[in-house]
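Colleague: Pasting a structure here, questions to come.
The values are calculated or read from the model by the stated rules, or taken from the named source; none is laboratory data. Not measured: the values here are computed from a predicted model. With ideal geometry, Cβ positions are generated from the backbone for all residues, glycine too; neighbour counts draw on all protein chains shown.
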Number of protein chains: 2
Amino acid sequence: MAKKVKNSRPKVVIVLAKRIKQIIIGQQLVQKNVAHDAGIDVENLRKYIKGTQEMKIGMLLRISKSLGVTMSELLRDIEKDIE
Amino acid sequence: MAKKVKNSRPKVVIVLAKRIKQIIIGQQLVQKNVAHDAGIDVENLRKYIKGTQEMKIGMLLRISKSLGVTMSELLRDIEKDIE
DNA sequence: AAATAATCGGTTGTATATAACCGATTATTT
DNA sequence: AAATAATCGGTTATATACAACCGATTATTT
């Protein structure tokens, strides 16, 4: 049995991913453009959107900017969504 | 000539470090305790405080919690300090 | 229906985070 | 002044981020 339960991202990563996705959908952004604006490959952005890849602070800044929101806005009250 | 100019952390890392330090000083927190609460070695916390080490989102959450602030508060308007 | 774009889960290789630890130095407490 | 704690810049080893890319599948556009 392939026991590849490797989906153990911190919950904050998962919730952040959902928020990024909501912004993209809500503002009808195009992922390819968001990725380009953030200076990353769209396939890699997708991993952040799906929550399968955690990011560092520098990347959070790049992505939040390309989404047109501040990091603070992106993370507002996220602690409530995590517990 | 030892040309080790390796201090090229993203500016956001540097500014975040200053903010963490300000909170610790302002609230007269003890680094050793902050580190313990965050579940990290105090020497490693120091690197975040000095801005010599970038962190991932999960670590940001741990440290912000041990500082007694939310990530959103910690990052408020940080874009203005970076530019 | 065919063409095109988006999505998905994956890969490799390099850079970097993280945990744990260290000795020397500086700062604070006794 | 001596003892103790904090700071600093460093280390090693392992885990993981990131860039770049991929083929197959799904979704959308033509």
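Colleague: Are any residues in the range B:39-51 in contact (Cβ under 8 Å) with a residue 12 or more places away in the chain and closer than 26 Å to B:SER8 by Cα, and if so, which ones?
Modeller: Matches in the range B:39-51: B:ILE40, B:LEU45, B:ARG46, B:TYR48, B:ILE49, B:LYS50, B:GLY51.
Colleague: Could I ask something else about it? Report the residue count in the range B:39-82 for those that are closer than 17 Å to B:ILE25 by Cα, within 8 Å of DNA strand C (Cβ to nearest atom) and buried (at least 18 other Cβ atoms within 10 Å of the Cβ).
Modeller: Final tally of qualifying residues: 1.
Colleague: I've got another one for you. Out of the range B:58-70, which residues are in contact (Cβ under 8 Å) with a residue 12 or more places away in the chain and at the interface with another protein chain (Cβ under 8 Å from one of its Cβ atoms)?
Modeller: Of everything in the range B:58-70, those that are in contact (Cβ under 8 Å) with a residue 12 or more places away in the chain and at the interface with another protein chain (Cβ under 8 Å from one of its Cβ atoms) turn out to be B:LEU60, B:LYS65.
Colleague: A further question on this structure: What number of residues within the range A:48-58 satisfy the criterion of being under 11 Å from the mean Cα position of the chain (by Cα) and assigned to a helix (DSSP H, G or I)?
Modeller: 3
Colleague: May I pose another question? Only one residue in A:ALA38, A:ALA17 is more than 13 Å from every other protein chain (Cβ to nearest Cβ) and either over 30 Å from B:LEU67 (Cα atoms) or within 15 Å of DNA strand D (Cβ to nearest atom) (or both). Which one?
Modeller: Going through A:ALA38, A:ALA17 in turn, just one is more than 13 Å from every other protein chain (Cβ to nearest Cβ) and either over 30 Å from B:LEU67 (Cα atoms) or within 15 Å of DNA strand D (Cβ to nearest atom) (or both): A:ALA38.
Colleague: Give A:LEU61, A:LEU45 a once-over and let me know the one that is within 11 Å of DNA strand D (Cβ to nearest atom), closer than 19 Å to B:ARG76 by Cα and assigned to a helix (DSSP H, G or I).
Modeller: Being within 11 Å of DNA strand D (Cβ to nearest atom), closer than 19 Å to B:ARG76 by Cα and assigned to a helix (DSSP H, G or I) holds for just one of A:LEU61, A:LEU45, which is A:LEU61.
Colleague: Same structure, new question: For A:ALA17, are the conditions met, namely being farther than 23 Å from B:ARG9 by Cβ, modelled with pLDDT of 95 or more and either in contact with a Cys (Cβ under 7 Å, 6 or more places away or on another chain) or surrounded by 19 or more Cβ atoms within 10 Å (Cβ to Cβ) (or both)?
Modeller: In short, yes.
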